[in-house]
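Visitor: Just dropping this structure here.
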2 protein chains.
Amino acid sequence: MKRFFVLMSCICSTVLLFAQQKATWIWYPGDFEVWLSNDMQNRRTERGTFFPPFWKMDSHYVLVEFHKEFDLPAAEEIQIHAEGKYNVKINGKMLAGMPSRVKLDKGKQKINIKVYNQAQVPALYVQGKNVYTDKTWLATFEDKEWIDETGKASDQSGTTYVHAGYWNFNEAAQAPSEFRLPTRPQEAVQQQAQGKGTLIDFGKNTFGFLTLHQLKGRGKLHIYYGESREEALATQTCETLDILDVQLQNANDTTLDLSKAFRFVYIEPDGQVQFEKVSMQYEYLPVPDRGTFKSSDEELNKIWEVAKYTMELTSREFYIDGIKRDRWIWSGDAYQSYAMNYYLGFDAETVKRTILALRGKEPTVSHINTIMDYTFYWFLSIYDYYQYTGDKEFIAAIYPRMRSLMQFCLDRRNADGLMQGLAGDWVFIDWAEGLSKQGEVSFEQLLLCRSLETMALCADLLRLPDDKHTYAAEASALKKKLFDYYWNTKQGAFAHSRIDGKRTENITRYTNMFAIFFDYLSAEQQQSVKDNVLLNDNIQKIVTPYMRYYELEAMCALGEKDYVMKEMKNYWGGMLKLGATTFWEEYNPSKHGADHYAMYGREFGKSLCHSWGASPIYLLGKYYLGVKPTKAGYEQYEIEPYLASLSWMEGKVPTPEGEIELYVSKSKIKVSSPVGQGTLKIKSTKKPRVNRGEIRQVDKNSYTLELEKGVNYEVEYAGV
Amino acid sequence: MKRFFVLMSCICSTVLLFAQQKATWIWYPGDFEVWLSNDMQNRRTERGTFFPPFWKMDSHYVLVEFHKEFDLPAAEEIQIHAEGKYNVKINGKMLAGMPSRVKLDKGKQKINIKVYNQAQVPALYVQGKNVYTDKTWLATFEDKEWIDETGKASDQSGTTYVHAGYWNFNEAAQAPSEFRLPTRPQEAVQQQAQGKGTLIDFGKNTFGFLTLHQLKGRGKLHIYYGESREEALATQTCETLDILDVQLQNANDTTLDLSKAFRFVYIEPDGQVQFEKVSMQYEYLPVPDRGTFKSSDEELNKIWEVAKYTMELTSREFYIDGIKRDRWIWSGDAYQSYAMNYYLGFDAETVKRTILALRGKEPTVSHINTIMDYTFYWFLSIYDYYQYTGDKEFIAAIYPRMRSLMQFCLDRRNADGLMQGLAGDWVFIDWAEGLSKQGEVSFEQLLLCRSLETMALCADLLRLPDDKHTYAAEASALKKKLFDYYWNTKQGAFAHSRIDGKRTENITRYTNMFAIFFDYLSAEQQQSVKDNVLLNDNIQKIVTPYMRYYELEAMCALGEKDYVMKEMKNYWGGMLKLGATTFWEEYNPSKHGADHYAMYGREFGKSLCHSWGASPIYLLGKYYLGVKPTKAGYEQYEIEPYLASLSWMEGKVPTPEGEIELYVSKSKIKVSSPVGQGTLKIKSTKKPRVNRGEIRQVDKNSYTLELEKGVNYEVEYAGV
């Protein structure tokens, strides 16, 4: 009931918003995202010490001009709010001072407002009946309005205008620089004396600001955070801590300034310091509940719920990797968050924000996060975004930055047209023992090839035939090289790398499994990769949920959904059995006890709430509920449910227009959709029967049903 | 006496500074300059309205790492101050929290400090016995310190380190973001009732913050500023004004927030507002008095003094164009300020600051100030700086930004290898009626050629033979084109432009006069240019002191110093006769009365205190006192005094080591120098006699005397 209520209030406020409030704060596109991500990413601490990212952080333009032309049916008054010093021109005439209210006449009105702010992002909010700021305003960081000796302005402008950036700051009082995620109070489940201090348990891994109730006295309070009990009690090795200097004569409720990740908190006083109890302010990104999943398998349901909570915790101002560390935006990690989000909250704004923040601004001096593969995931994420949302506006806005980043990549190819790690390039691929990064790694060429295909697709979308042709030709040439240089016919798989121009004998899973769901392989090659690599225990195993995601996706693409379901239950179910309340950065079933918490040579180095741990959301939505768009924004889509070991499952998959709802048992499929044209694919040993529409047979045991939006279908069939 | 005292106190504080205080605030080079120039340039107002620059403004890096390695003779404690959040690593080990004091052991100590600040420039001040921040520290905006799965840091770094930026913030308390120019109180010379208000006269054009003494009452105070009496009284058309909202029950001294330029201030109350008197806080850049000039010609002395005061007013955080408007840094204007400064304060820091601020940062998307010629002056200014100061460290620091800006220029050449105005390029040249900017203007090619020569010189200095060769070859090819495409043999001069690949018949002074002092012309061509262009009244005359500067310099180079002296007295003396207390942006002797104050189609649009008006300082120092370095930093120099119409002159010319002092009459030259090896060139009808050294005859009536530093020479001669 509670959930229903939340959803309703959410819908109501959305309706109100569009009815009464059209204006929104605007800025130079990407600038608020850069500024906010700088702020967020510099909140990481390690044992109380500030721990910033190591890559270049960009800055907003300090002086921005916004403008739009209107044709007003009647005179009106506008209100102007700005973050920064500003001036206003109406039809080319500068107004006196910094006017907060301006009267506009009927008829053509061109409004130009320049805002200057070094400390924060220059932002603008104009509110009037017909004249108000929104994404249709244009912005520039240079207007090049020079004059001749008579004071006449130049007629040849070299200024580039772009559409203004915006989010959802729809009230004048919601100045972008004041943005904070909301919080809500949350109680601990247990508080007990422990050694010289107090151990508090919040029942599950969580994130927010600790509140010490009725704090008083003089002295220091040492606060040790733990994603595990062991970590909180390991005062010498826990990853995060606070040392609070208390000087309070009268008892006071004190909430700490900096948010932290924890399930357990161990507090030791040093001096005469007391407190009554500890609670927290849970900090979260408000995203409506949209995607759901439920089945006859309670373990699977638990996996989905814990994955959902892991996503909730790692979806913040931006999609971050983990809540304990790094609290940074990593492109490879975010790429998976986007995909999970399409099956959960369908929060397009956070995807866009994260993509903008990752790209940053010119000049491009290194790969995204300095990691070569992470640059490529960034490209891939953009076409995915378009495919799920159908939002061409964003593709148009980001395309110039795609183009310049691709040029950066192409300029770094060697004489053979391949990319290898130059000074400053991190070739990451995966956390895996002894994984070679030397020479020309096939995985990087594969991702570059896919990125070039993405460029060609986006260029085509934006009707840039020259660009399309260039990128398509590059992609095709590189794809040929991929097979010529790396395909090992004898081993029936792609080699891991070339060194000094020679193919190595090393075979790893990465290139091979990506090639499957990129659909680069013939049926024969697919089978060969499946047998010789994916199902071959002699090939180094993957231990991170990060790459498990792709490995299982490849197996799904190969139709091995029973296998994947078994793996999923083993792997994620394995973490649950160890008491996980959120999914981990890495899970190796062969480890024991607190050894699970170690990583990077540190006792509690591992993040126990890591976004890439939440992939069951994606796998269950895309390959079991089986829903995916086949044309941008679900204009067309497929539903290919796969029940596997379950006796029934049901769920919702969000789309731009609402949720596709699905119930599947061995004998019945119920489906309704608010969007596009769908195709339901049914495996059945007999011809299915349906209440509406027409079942078509495709093959033995294969049928389809075309779905119209707004119709409730009920299919009776005999599951294979 | 007062001047002597100021000078002494200045020297003392310098001595103290170096003896007791070695640490200084450091930052990423150029970042403070960019930040401060953004702040300064956005202080312009026009009739009370914020009036920002129209070009792109850059930003500081928000996260900077500083480091240095030491080998300490004994343990010591350091104090750390930072503008921003920071962390400290000693020998690779992170310290807890943000420590303000750190104990260092004896022996090798590597100190890394990372500072984060979005609002202001990340800056650092470390103070210890041996460990203290200075220009030898290294800085970077990305350290690319990634790790493998074991936590081991990468050994292949792509990080670029540069030497830290600094100025003179040598005390911990002098945080860079707190920087303000000093002020001193200054009284008005007259205050009188005028119409409905009060007119105040400060006796001369000045700059600072107005103080209203014993202000009280309720209502508005309208404050109109004027560089002329007419302007202050023209309440509808004066360029700057303030409207003060007064709500004071008790009388109060109120100083305004924003500095303004004015000689006259007219104040009209609106409501019940009263004040007793008006004074001001004069705001200035403290620069020691070093260059001087005095002669038997009182008018010339007055010209020099007014030029000096004009320079004082326009030398601020940076060299600006004018104090009323634009209060911006314009590269072409600054280029002249630098040259004047070498004959006045020899303030290397302000030259460097201005050069850094003008260049800004990558990406380079337009010409400096959007003006093509202003980009080229920027290049020229750097070699000049080296020639006068001998400061190779700065050349090394700025060279990467020279290289990328030159690439920007070379990439914008057309198929003929020439530059013409593309969209967004302002081809300025000069304020002159009907001056054509169409096609390929010869003046721009000439400046590009000189800029390429500058690149070759700097590359040579930094021992970059490949760069030197590339730029020298480009320069030489372009120089050939300049003569092939533009030299009009019939008219004996360079044409103004080519349009559609054809040379125009238009001849203007610009290219021709610059070619003279760039020494691009044969003796014959020089004579032809002199007769057919410079002394030809049919060629459009120059009306700005900006281009008068170069025209007179060309005439000086041609030996026409009597002509130049006459022009100088006519032109600058003409402004003095009109009551100028500072020199103007433009002076046309044929105008009358308040018409002199109009420009850009505005009644008081003209700046009456414009840096380019101060060029007599440069001309008198370089061509009459006749002092100039012939090897960088005055390691070698020439003195070629020219007395002209004067019966005597004396003066000082600053050098990196102190002042060259000179007295010249028709029969005696006295000279002493604290620097390098000098050559005194003497024109005399008989062989001169000298107290020290040896006179050599060069030619009929031409003699030289080699000067050793620290020696007082007295030469008796018979002036030609």
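Visitor: Within the stretch B:641-648, does at least one residue satisfy the condition of being in a strand (DSSP E or B) and under 15 Å from B:Phe293 (Cα atoms)?
Guide: Within the stretch B:641-648, one or more residues are in a strand (DSSP E or B) and under 15 Å from B:Phe293 (Cα atoms).
Visitor: Just give me the residues in the stretch B:175-227 being at positive phi, loosely packed, with under 14 Cβ neighbours inside 10 Å and out of contact with any Asp or Glu (no Cβ under 8 Å at 6 or more places or on another chain), in sequence order.
Guide: B:Gly203
Visitor: Of everything in the stretch A:597-616, what is surrounded by 23 or more Cβ atoms within 10 Å (Cβ to Cβ) and either touching a strand residue (DSSP E or B) at 6+ places or on another chain (Cβ under 8 Å) or small (Gly, Ala, Ser) (or both)? Give them in sequence order.
Guide: Scanning the stretch A:597-616 gives A:Phe604, A:Lys606, A:Ser607, A:Leu608, A:Cys609, A:His610, A:Ser611, A:Gly613, A:Ala614, A:Ser615.
Visitor: Still on this structure: All but one of (1) assigned to a strand (DSSP E or B); (2) more than 9 Å from chain B (Cβ to nearest Cβ) hold for A:Arg43; state the number of the condition that does not hold.
Guide: Unmet for A:Arg43, out of (1) assigned to a strand (DSSP E or B); (2) more than 9 Å from chain B (Cβ to nearest Cβ): (1).
Visitor: Looking at (1) basic (Lys, Arg); (2) more than 23 Å from the chain's Cα centre (by Cα); (3) modelled with pLDDT of 95 or more; (4) in a loop (DSSP other than H, G, I, E, B), find the lone condition where A:Lys22 falls short.
Guide: Against the list (1) basic (Lys, Arg); (2) more than 23 Å from the chain's Cα centre (by Cα); (3) modelled with pLDDT of 95 or more; (4) in a loop (DSSP other than H, G, I, E, B), A:Lys22 comes up short only on (3).
Visitor: Sticking with this one: Given the residues B:Lys114, B:Lys110, B:Lys68, B:Lys103, which is the only one that is within 9 Å of chain A (Cβ to nearest Cβ), modelled with pLDDT of 95 or more and either surrounded by 16 or more Cβ atoms within 10 Å (Cβ to Cβ) or not in a loop (DSSP other than H, G, I, E, B) (or both)?
Guide: Sole residue among the options that is within 9 Å of chain A (Cβ to nearest Cβ), modelled with pLDDT of 95 or more and either surrounded by 16 or more Cβ atoms within 10 Å (Cβ to Cβ) or not in a loop (DSSP other than H, G, I, E, B) (or both): B:Lys114.
Visitor: Quick one: would you say B:Asp253 is farther than 28 Å from B:Asp326 by Cα and within 38 Å of the chain's Cα centre (by Cα)? Show your work before the answer.
Guide: Numbers: farther than 28 Å from B:Asp326 by Cα: yes; within 38 Å of the chain's Cα centre (by Cα): yes.
When the stated conditions are applied, B:Asp253 passes them.
Visitor: How many residues are closer than 30 Å to A:Arg602 by Cβ and in contact with a Lys or Arg (Cβ under 8 Å, 6 or more places away or on another chain) when one looks only at the stretch A:340-364?
Guide: Residues meeting the conditions: 1.
Visitor: Something else about it: For the stretch A:71-93, which positions are surrounded by 15 or more Cβ atoms within 10 Å (Cβ to Cβ) and free of Cβ contacts under 8 Å to residues at least 40 places away in the same chain?
Guide: Listed by number, the residues that qualify are A:Gly84, A:Lys85, A:Tyr86, A:Asn87, A:Val88, A:Lys89, A:Ile90.
Residues checked against (1) aromatic (Phe, Trp, Tyr); (2) in contact with a strand residue (DSSP E or B) (Cβ under 8 Å, 6 or more places away or on another chain); (3) in a loop (DSSP other than H, G, I, E, B):
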{"site": "A:Tyr385", "(1), (2), (3)": "yes, no, no"}
{"site": "A:Ile398", "(1), (2), (3)": "no, no, no"}
{"site": "A:Arg401", "(1), (2), (3)": "no, no, no"}
{"site": "A:Met419", "(1), (2), (3)": "no, yes, yes"}
{"site": "A:Phe428", "(1), (2), (3)": "yes, yes, yes"}
{"site": "A:Leu435", "(1), (2), (3)": "no, no, yes"}
{"site": "A:Leu448", "(1), (2), (3)": "no, no, no"}
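Visitor: Here's another thing I want to ask about it. Given the structure, is B:Arg180 in a strand (DSSP E or B) and closer than 30 Å to B:Glu231 by Cβ?
Guide: In short, no.
Visitor: With closer than 30 Å to B:Pro656 by Cα and touching a residue at least 24 places away in the same chain (Cβ under 8 Å) as the only criterion, which of B:Val287, B:Val278 stands out?
Guide: B:Val287
Every residue, every condition in (1) closer than 28 Å to B:Tyr642 by Cβ; (2) in contact with an Asp or Glu (Cβ under 6 Å, 6 or more places away or on another chain); (3) more than 14 Å from chain A (Cβ to nearest Cβ); (4) among the basic types (Lys, Arg), yes or no:
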position: B:Gly573; (1), (2), (3), (4): yes, yes, yes, no
position: B:Gly579; (1), (2), (3), (4): no, no, yes, no
position: B:Ser590; (1), (2), (3), (4): no, no, yes, no
position: B:Gly601; (1), (2), (3), (4): no, no, no, no
position: B:Gly605; (1), (2), (3), (4): no, no, no, no
position: B:Ser611; (1), (2), (3), (4): yes, yes, yes, no
position: B:Ile617; (1), (2), (3), (4): yes, no, yes, no
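Visitor: How many residues are assigned to a strand (DSSP E or B), under 22 Å from B:Glu560 (Cβ atoms) and of a type outside the set (A, V, I, L, M, F, W, C) if we restrict to the stretch B:649-694?
Guide: 4
Visitor: Oh, and also: Could you check the stretch B:471-567 for helices (runs of 4 or more DSSP H) lying wholly inside it with 2 or more residues that are over 19 Å from B:Cys449 (Cα atoms) and among the acidic types (Asp, Glu)? It would help to see each step written out before you state the result.
Guide: Working: elements: B:509-517, B:523-529, B:545-557.
The helices (runs of 4 or more DSSP H) meeting that bar are B:545-557.
Visitor: Right, another one. What are the residues in the stretch B:507-533 that are over 20 Å from B:Ser476 (Cβ atoms) and crowded, with 17+ Cβ neighbours inside 10 Å, if any?
Guide: Selection gives B:Ile507, B:Thr508, B:Arg509, B:Tyr510, B:Asn512, B:Met513, B:Gln526, B:Ser528, B:Val529, B:Lys530, B:Asn532, B:Val533.
Visitor: Right, next: Looking at B:Thr350, B:Thr310, B:Thr375, which one is assigned to a helix (DSSP H, G or I) and out of contact with any Phe, Trp or Tyr (no Cβ under 7 Å at 6 or more places or on another chain)?
Guide: Details: B:Thr350 fails: out of contact with any Phe, Trp or Tyr (no Cβ under 7 Å at 6 or more places or on another chain); B:Thr310 fails: out of contact with any Phe, Trp or Tyr (no Cβ under 7 Å at 6 or more places or on another chain).
Exactly one residue qualifies, and that residue is B:Thr375.
Visitor: How many residues are among the acidic types (Asp, Glu) and either more than 15 Å from B:Lys622 (Cα to Cα) or modelled with pLDDT under 95 (or both) if we restrict to the stretch B:654-675?
Guide: 1
The values are calculated or read from the model by the stated rules, or taken from the named source; none is laboratory data. Owing to the predicted nature of the structure, the values given are computational and were not obtained by experimental measurement. When we count neighbours, we look across all protein chains shown, and the Cβ atoms used for this are built from the backbone with ideal geometry, even at glycine.
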